[in-house]
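Input: a single structure, listed below in structure tokens.
The values are calculated or read from the model by the stated rules, or taken from the named source; none is laboratory data. This one's a predicted model, so the numbers in the text were calculated from it and none came from an experiment. Because the Cβ atoms are built from the backbone with ideal geometry, glycine has one as well, and the counts that use them run over all protein chains shown. Surface accessibility is based on the protein's heavy atoms, side chains included, excluding ligands, DNA and RNA. Shrake-Rupley method; radii C 1.70, N 1.55, O 1.52, S 1.80 Å.
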Amino acid sequence: MSATPEDRRTNVEYRTIQGRETRVRTIPDEIYVEWRPGRPVYFGVRVGDHIKDADRDVESAHITEWEVVEITPETVVGVNQKNGERTEWDRRDLEQRLVTRQYATNLSEFATLTVHPVGSWESYEAATDADKPTREPSVNVVVFGNNGEKYGRRYRFVEPGETTRIELLDQDASIERLDSELQRQLDETVSQALDEDGYTVQ
């Protein structure tokens, strides 16, 4: 049975990894780790996800990769994708090794995101009047994947003085490399967050 959002908020164990606060959700059949909450990095693993013998989420025939087939409060079991052998990890040790980049996991969902308005039309106009180079105000979105990576987008307002209607200006190249399903998930996650914050994407 998958964890609910309420599980993720309330069942938290606090640890210190690499000198930084780490919040570990104590969900029996799912790993969910938030490292360094001030500048967060997220790691999440469910049955069906992959553990990679690498320091980040990469695709390569030269790395060992296991499909996770079981997660318990004490252990995680994976099946080697090359030879079918089973490997069992101590769960607490695996959680730490994900944070310290001794292992990686694949992107399968987006843990959370932040929306940051940058600048204002008032400051832009004041800088323009003073002949000081400055950028038009924008809205930056950072989406955090369960693989410890971040995916950024920047939106601009559709016309001067506008404060709600926006359009995509640019995005991280890593987003363009996502498969169609993950791009769809990201689009839906971002659109919902922007809508909740009062923005309309054109």
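Among the residues of the range 82-92, those identified as outside any strand (DSSP E or B) and surrounded by 13 or more Cβ atoms within 10 Å (Cβ to Cβ) are Arg91, Arg92. Taking each residue of the range 60-84 that is within 14 Å of Val47 (Cα to Cα) and looking for partners that are of a type in the set (Ser, Thr, Tyr) with beta-carbon atoms closer than 6 Å, six or more apart or interchain, yields Trp66/Thr87; Gly78/Thr87. Here Ile71 fulfils each of the conditions (1) within 27 Å of Leu178 (Cβ to Cβ); (2) touching a helix residue (DSSP H, G or I) at 6+ places or on another chain (Cβ under 9 Å); (3) open to solvent by 30 Å² or more (accessible area, probe 1.4 Å) apart from (3). Of the residues making up the range 1-28, those that are modelled with pLDDT under 95, within 22 Å of Val142 (Cα to Cα) and surrounded by fewer than 17 Cβ atoms within 10 Å (Cβ to Cβ) are Pro5, Arg9. Among the conditions (1) open to solvent by 30 Å² or more (accessible area, probe 1.4 Å); (2) not in a loop (DSSP other than H, G, I, E, B), the only one that Ile31 does not satisfy is (1). Inside the range 115-127, can you point out the residues that are surrounded by 13 or more Cβ atoms within 10 Å (Cβ to Cβ) and more than 18 Å from the chain's Cα centre (by Cα)? Within the range 115-127, Pro117, Gly119, Trp121, Tyr124, Glu125, Ala127 meet the criteria. For Thr112, the stated conditions do not hold, so it cannot be described as open to solvent by 30 Å² or more (accessible area, probe 1.4 Å), over 28 Å from Thr22 (Cβ atoms) and either out of contact with any Cys (no Cβ under 7 Å at 6 or more places or on another chain) or part of a helix (DSSP H, G or I) (or both).
Residues in the range 128-138 that are of a type outside the set (Lys, Arg), open to solvent by 30 Å² or more (accessible area, probe 1.4 Å) and in a loop (DSSP other than H, G, I, E, B): Ala130, Asp131, Pro133, Thr134, Glu136. When Ser60 is tested against (1) among the hydroxyl-bearing types (Ser, Thr, Tyr); (2) part of a strand (DSSP E or B); (3) under 22 Å from Arg177 (Cα atoms), just one condition goes unmet, and that condition is (2).
The residue of the range 139-192 that is most open to solvent (accessible area, probe 1.4 Å), among those that are within 11 Å of Phe110 (Cα to Cα) and part of a loop (DSSP other than H, G, I, E, B), is Glu149.
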